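Beneath this line is the structure, given in C-alpha cells, with notes to follow.
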Amino acid sequence: MNLTLKIWRQASPEAAGAMQTYAVNDVSPDMSFLEMLDVLNEQLNEQGDEPVAFDHDCREGICGSCSLMINGQPHGPEVTTTCQLHMRSFKDGETITVEPWRADPFPVLKDLVVDRSAFDRIIQAGGYISANTGSAPEANSVPAPRDKALRAFNVATCIGCGACVAACPNGSASLFLGAKITHLGELPQGQPERYSRVADMVGQHDHEGFGGCTNIGECTSACPKGIPLDVISQLNKDLRTAIKHGH
Ligand code: SF4
Ligand code: FES
C-alpha cells in the first residue's frame, strides 16, 4: 500500500504545531498502525529528519499509551487500540490524518505525545483500597456475589487510554471515572472508602479541567475495552450518596 499521511508536528509544549504531509510506500496490510509509523520514522531517520514522536509500550492493547486520533476518530476506524489497528482497515492510496488527543487536561508534549498524568492524579485521589499488608488472605473468606464480581472484572479492563475524553465533545473523563468507581465499589474490599473515594476522584477530575457529562455517549462508542455507559449512572448514584453523607 502507498499512503499519504498528514501528521501533527509540534516540537515542544510551547511551540506552535502544524500538520505536515508525508508519503509512505510499501506498507503491508498486515502491519499494525504503529509499525506503519515505524516505517515512516526509519524513512525520516535515513533522510536526516526528526522522527515523529508517538507514545507506545506494550503494543498488545494492554497499556493504553498508544493514543492517536486517526481520521478524526480515537484509535481510528476500528474499536480497538492503535497498536491493534491493522493497515488492512485502510485503502491503498488513502490520505490518513494523525493527531494527538485534543483536550486541555492532556497537553501535547511533542508531536503525537500528550501528557496523560491527569489520569494518574485522579487514581491517586481515590482509586485504591486501604488494606493491612501481610500474606494474601484465603480468597473464600471474602465472598463476592458472582454478578458483582463479573461486573467489577468487566470494568477493570479499562486501560486508561483516554479515548473516552478525546471522543467527548465536553472533554469529560466520566467513563474512565465511572469504570474505576464501579470496579472498586462493586467489591466488598472497596466498601469502606466507597463514598469518600467517589467524592475525591470527582473533585480531582473537575480540578484537572475535564468537562461534565451530558450523556452523549461518544465515549462508550470509542472505548477499546467496551466500558458501558451505565458506569456513569453508577458514578452519579454514588456521588449523590457521598454528598448526602457529607463528603
Ligand atoms: S473507559 Fe475506555 S476509553 Fe476511557 S480510558 Fe478506559 S479504556 Fe480508555
Ligand atoms: S501500546 Fe499498549 S495499548 Fe497500545
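Readers should treat all values here as calculations from the given coordinates under stated rules, not as data from a laboratory. The structure presented is a predicted model; accordingly, all values stated were derived computationally and were not measured. Note that we place each Cβ from the backbone using ideal geometry, even for glycine, and neighbour counts take in every protein chain shown.
His207: net charge of surrounding residues, Cβ under 13 Å, Lys/Arg +1, Asp/Glu -1, itself excluded?
Its environment carries a net charge of -3.
Taking 0.36 nm per residue of separation and subtracting the Cα-Cα distance, what length does fully extending Arg102 through Asp115 add?
3.6 nm
Nearest 20 debye, what's the magnitude of the dipole of the chain about its Cα centre given +1 on Lys and Arg Cβ and -1 on Asp and Glu Cβ?
So the dipole magnitude of the chain works out to roughly 1220 debye.
Based only on other Cβ atoms within 10 Å, what is the fewest-to-most ordering of Tyr128, Tyr22, Tyr195?
In order of increasing Cβ crowding within 10 Å: Tyr128, Tyr22, Tyr195.
What FRET efficiency would be calculated for the residue pair Asp38, Ala11, taking the C-beta separation as r and a Förster radius of 22 Å, to the nearest 0.05?
Calculated value: 0.60.
For region 169-179, what does the Karplus curve 6.51 cos²θ - 1.76 cosθ + 1.60, with θ = phi - 60°, yield as ³J(HN,Hα) per residue in whole Hz, taken in order and with x for Gly and Pro?
Result, rounded to whole Hz: x, 8, x, 8, 9, 5, 5, 4, 4, x, 5.
Using the Karplus curve 6.51 cos²θ - 1.76 cosθ + 1.60 with θ = phi - 60°, work out ³J(HN,Hα) for each residue of region 23-38 in order, rounded to whole Hz, and write x for Gly and Pro.
With coefficients 6.51, -1.76 and 1.60, one gets 9, 10, 10, 6, 8, 7, x, 7, 6, 7, 4, 5, 5, 5, 5, 4 Hz.
Compute the distance from the alpha-carbon center of region 30-91 to that of region 211-244, in whole Å.
That distance is 28 Å.
Using the Karplus equation 6.51 cos²θ - 1.76 cosθ + 1.60 (θ = phi - 60°), what ³J(HN,Hα) coupling, rounded to whole Hz, does each residue of region 206-214 give in order, writing x for Gly and Pro?
Karplus values, whole Hz, x for Gly and Pro: 5, 4, 6, x, 6, x, x, 8, 10.
For Ile96, which sequence-distant residues (separation of 5 or more, or a different chain) have an amide H within less than 5 Å of its own amide H, given hydrogens modelled in the peptide plane?
Residues meeting the criterion, in which the H sits 1.01 Å from N, are Thr4, Leu5, Lys6.
Calculate, for Cys58 and Thr80, the FRET efficiency according to 1/(1 + (r/R0)^6) with r their C-beta to C-beta distance and R0 22 Å; round to the nearest 0.05.
0.95
Listed here are the pairs Lys148/Lys237; Lys180/Lys237; Lys148/Lys180; Lys110/Lys225; which of them are more than 19 Å apart at the Cα?
Among Lys148/Lys237; Lys180/Lys237; Lys148/Lys180; Lys110/Lys225, the Cα-Cα distance tops 19 Å for Lys110/Lys225.
If the only charges are +1 at each Lys and Arg Cβ and -1 at each Asp and Glu Cβ, what is the size of the charge dipole of region 3-110 around the Cα centre, to the nearest 20 debye?
For region 3-110, the charge dipole is close to 340 debye.
Tell me the net charge near Cys168. Cut-off is 13 Å between Cβ atoms, Cys168 excluded, with +1 for each Lys or Arg and -1 for each Asp or Glu.
-1
For Lys148 and Ile243, what is the calculated FRET efficiency with R₀ set at 22 Å and r taken between the beta-carbons, to the nearest 0.05?
0.40
When the helices in the chain are scored as -39500 (n - 2.57) per DSSP H run of 4 or longer and the sum is shared across all residues, what 222 nm value do you end up with, to the nearest 500 deg cm²/dmol?
Result for the chain: -10500 deg cm²/dmol, rounded to the nearest 500.
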